[in-house]
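The structure appears right after this line, and notes come after that.
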Amino acid sequence: MLHSRLFSVHRKGAAKSISQGGKGIVVRYVTPEEIQRAREIDAFSYLQTYCPGELVKLGNGVYCTKTHDSLKLSHGKWFWWSQGFGGVSALDYLVKVEKVDFVDAVKILNT
């Protein structure tokens, strides 16, 4: 079965994801406002609210996750040392670490 995915961000900041699978083409869309709201949620707050058992306190405001002990969260930012990248928002975390599709991640953070 042919399966492909295309993601694009439009000039006005909206995003859409196009998937082609066995049942035709599916277009999913998020507004610039939904993207902005998703970007306002930091990764620590997201994990603390939705995955509290995943956080491990290391001391003085520094945390790691049970799943990825080299992923450190501190002062509103996170960095995954073993992979060499980081971010600020929960949106960054979901897309880069959890490999959630951008549109799906925006939808998750807006529910």
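The values are calculated or read from the model by the stated rules, or taken from the named source; none is laboratory data. Predicted model only: the values in this text are computed from it and were never measured. Because the Cβ atoms are built from the backbone with ideal geometry, glycine has one as well, and the counts that use them run over all protein chains shown.
Picking from residues in the range 70-90 that are surrounded by 18 or more Cβ atoms within 10 Å (Cβ to Cβ) and either in contact (Cβ under 8 Å) with a residue 24 or more places away in the chain or small (G, A, S) (or both), the one that is nearest to Y46 (Cα to Cα) is A90. Among the residues of the range 54-64, which ones are farther than 15 Å from V88 by Cα and within 18 Å of the chain's Cα centre (by Cα)? Within the range 54-64, E54, L55 qualify.
In the range 58-67, is there at least one residue being without any contact (Cβ under 8 Å) to a residue 60 or more places away in the chain, among the aliphatic types (A, V, I, L, M) and surrounded by fewer than 17 Cβ atoms within 10 Å (Cβ to Cβ)? The answer is yes, given that some residue of the range 58-67 is without any contact (Cβ under 8 Å) to a residue 60 or more places away in the chain, among the aliphatic types (A, V, I, L, M) and surrounded by fewer than 17 Cβ atoms within 10 Å (Cβ to Cβ).
The strands (runs of 3 or more DSSP E) found wholly in the range 7-86 and carrying at least 2 residues that are β-branched (V, I, T) and modelled with pLDDT of 95 or more occupy 62-65. Being exposed (fewer than 13 other Cβ atoms within 10 Å of the Cβ), over 16 Å from the mean Cα position of the chain (by Cα), at pLDDT below 95 and not in a strand (DSSP E or B) is true of L2.
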